[in-house]
1. Report the charge-dipole magnitude of the chain in Debye, nearest 20, computed about the Cα centre from +1 at each Lys and Arg Cβ and -1 at each Asp and Glu Cβ.
2. Where a ≥ b ≥ c are the square roots of the eigenvalues of the C-alpha gyration tensor, would you call the chain rounded, which needs a/c under 1.5, or, failing that, prolate if a/b is larger than b/c, or oblate?
3. For Cα pairs less than 8 Å apart in space and 6+ apart in sequence, what is the mean separation divided by the residue count of the chain, i.e. the relative contact order in percent?
4. In whole angstrom, how far apart do the alpha carbon centroids of segment 75-114 and segment 25-67 sit?
5. Tell me, what ³J(HN,Hα) does each residue in segment 59-73 have, in order and in whole Hz, if you take phi through Karplus 6.51 cos²θ - 1.76 cosθ + 1.60 with θ = phi - 60° and put x for Gly and Pro?
6. Cut-off 10 angstrom, C-alpha nodes, Gaussian network model of the chain. Which of ILE40, ILE50, ILE11 fluctuates the most?
7. Can you give the net charge of the other residues whose Cβ lies under 14 Å from the Cβ of ALA94, counting K and R as +1 and D and E as -1?
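Taken together, the values in this text are just the output of simple stated rules run on the coordinates, not laboratory data. All values reported here derive from a predicted model rather than from experimental measurement. Cβ sites come from the backbone with ideal geometry, for glycine too, and all protein chains shown count toward neighbours.
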Amino acid sequence: MVKLHTNHGIITLELDAEKAPKTVENFLQYVRDGFFDGTIFHRVIDGFMIQGGGFEPGMTQKPTRDTIENEAANGLKNEAYTVAMARTPNPNSASSQFFINIANNSFLNFTAPT
């Protein structure tokens with residue numbers, strides 16, 4: 001479990017190391033490094049999701065480590081209150097940014113490797 005301390009309270013994240021081992025290790029390394037300290041939720045879309053993990057106040061982007069392999073073919077779903085890694089259209093582009101689904105976003109579920 002990872003506890004995110006925000007100005008609106010604590011968000012507790014449960015990570016599934018069995019289904020997404022590389023993703024979880026990547027996220028936990030950012031936690032251990034203190035990378036997320038002082039970052040903001042820079043993208044908040046009502047009825048969809050909140051995204052953070054990459055920007056400081058003032059929208060200063062933080063440098064990240066290398067991207068990781070996409071592990072989305074693991075059966076996990078983008079249901080309300082689940083967490084997932086943000087990425088570009090390149091499926092293997094996730095690094096530090098993550099999002100919390102605030103609705104059931106099944107259109108984001110894995111359907112193909114690309």
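1. On the way: 9 positive and 12 negative charges, 27 e Å.
It comes to approximately 140 debye.
2. Values: a/c = 1.43, a/b = 1.23, b/c = 1.16.
It comes out rounded by the Cα gyration axes.
3. Working: 196 pairs, mean separation 26.2, N = 114.
Relative contact order for the chain comes out at 23 percent.
4. If you average the Cα positions of each part, the centres end up 15 Å apart.
5. 6, 7, 7, 8, x, 10, 7, 4, 6, 10, 5, 6, 10, 5, 7
6. The residue that fluctuates most here is ILE11.
7. Details: positive: LYS22, ARG65, ARG87; negative: GLU25, ASP66, GLU69, GLU71.
So the environment of ALA94 carries a net charge of -1.
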